[in-house]
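Reading through the C-alpha cells given below for one structure.
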Amino acid sequence: METSLAEQPVFDRHLRTPRIHPTAFVEEGVTIGDGSSIWDTVHIRHHASIGEECIVGEKTYIAYDVKIGNRVKINAFVYICAAVTIEDGVMISAGTVFTNDRFPRATTPDLKTLRSSDPDEETLPTLVREGATIGAHCTIGNDLEIGRFAMIGMGALVTKSVPDFHLAIGVPARSVGYVCRCGKVLAMIAQLNPETASLACEACGLEYAHDHGTITELAPHFVDQE
Ligand SMILES: CC(C)(COP(=O)(O)OP(=O)(O)OC[C@H]1O[C@@H](n2cnc3c(N)ncnc32)[C@H](O)[C@@H]1OP(=O)(O)O)[C@@H](O)C(=O)NCCC(=O)NCCS
Ligand SMILES: [Zn+2]
C-alpha cells in the first residue's frame, strides 16, 4: 500500500528515492538526489540541482540553475535566487532571503520596457560553504561568500563575506565570535586575547588554530562516525 508523504517519517535515510509532495512544483531539468524530501508548495525552477538527503521546507522557492549540495536543510519560506551555490551540510533557516542584483530596476529608464529577470552582467553570485548555518529571517547580500561552518545569527543582514568558523550577527552583520563544527561557540572576540594561538571546543573537544581572526582546523581531525 502506498503511504502519503504526511504518513512517512520526516527523515528516513533508508528511503532512497526523493519524496516530492504532490503540491510541489518542480520544473523540467531539475535533479533531486536520493533520500531528499521536498515539502508542500515548494517551487524549484528549471535545471536547479539538489543533492542527496536534503530537506526543502514548505513554500520555499529555488531559482533556475541553483546548485545545492548533499544533506542541506532548508526550512520554510526561503527564497534562493539565481547565482546562489550552496555546499554540503548547510542549514538555511526559515524566512531567509538571498539577493543577486545590487542596483535592481524593474524597467528601462523610460519606464516603457520591463527588464528581463534572466541573469546578466549585473547578476552577482553568492556562495555558502560547507557546514555553514544561516539563522532565521536573514537577508543575504551578493558578491560574497559565507565561509565553512560559519554561523549567521537570526535576523542578520549579510553585506560582506563571513570567514570560516565565524559567528556573525546584526544589521549589518559583523563577526562577534568563532564557532566549532558542532555549532558551539569557541570564543567571543570581545573576550579573546588577540594573541591566543589555539582554541578548543568545550563541547566536543575539536581544536583550532587562531591567528588574529583566522580560524583553521589544527588537523583533519573530524572523523565520520557512520
Ligand atoms: C547568535 C546566537 C547564536 C547567539 O546565541 P547565544 O550565544 O546563546 O546568545 P545570547 O542569547 O546569550 O545573547 C548574547 C547577546 O547577543 C544578543 N543576540 C543574540 N542573538 C542575536 C542575534 N541573532 N542578533 C543580534 N543580537 C543577538 C543578545 O541580545 C545578547 O545581547 P546582550 O549581551 O546585549 O544582552 C543566537 O542568538 C542565534 O541567533 N541563533 C540562531 C537561531 C536561529 O535562527 N535558529 C533557526 C532554526 S530554529
Ligand atoms: Zn565542538
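Only the coordinates and a few stated rules stand behind these numbers; no lab work does. Keep in mind that what you see is a predicted model, and the values were worked out from it rather than measured. For neighbour counting, all protein chains shown are included, and Cβ atoms are generated from backbone atoms with ideal geometry for every residue, glycine included.
Compute the separation of the alpha-carbon centres of the stretch 34-87 and the stretch 168-211 and state it in Å as a whole number. Centre-to-centre (Cα) distance: 29 Å.
Over all projection directions, the Cα-based convex hull of the chain averages an area of 15.0 nm². Counting every C-alpha pair in the stretch 96-154, the share spaced more than 13 angstrom apart comes to 68%. Derived value for the stretch 59-102: Kirkwood hydrodynamic radius 10.6 Å. Basis is the mean of 1/r over every pair of different alpha-carbon atoms. Classify the stretch 12-60 from the C-alpha gyration tensor, please: rounded if a/c falls under 1.5, else prolate or oblate depending on whether a/b exceeds b/c. Oblate is the answer for the stretch 12-60, as a/c is 1.5 or above yet b/c matches or exceeds a/b. Once backbone amide H atoms are built at 1.01 Å from N, Cys54 has Ser36, Ser37, Arg71, Val72 as its partners under 5 Å, excluding neighbours fewer than 5 places away on the same chain.
Counting Lys and Arg as +1 and Asp and Glu as -1, each charge on the Cβ, what is the dipole of the chain about the Cα centre in debye, to the nearest 20? The partial results should precede the final answer.
Working: 18 positive and 30 negative charges, 122 e Å.
The calculation lands at about 580 debye.
What is the local net charge at Ile215, summed over the other residues whose Cβ is closer than 14 Å to its Cβ (Lys, Arg +1; Asp, Glu -1)? Charge balance in the 14 Å sphere: 0. Each residue, Arg102 and His212, gets one label point 7 Å from its Cα in the Cβ direction; the gap between the two is 2.7 nm.
Projecting the Cα positions of Thr31, Pro172, Ile146 onto the charge dipole of the chain (unit charges on Cβ atoms of Lys, Arg, Asp and Glu, taken about the Cα centre) puts Pro172 furthest along the positive direction.
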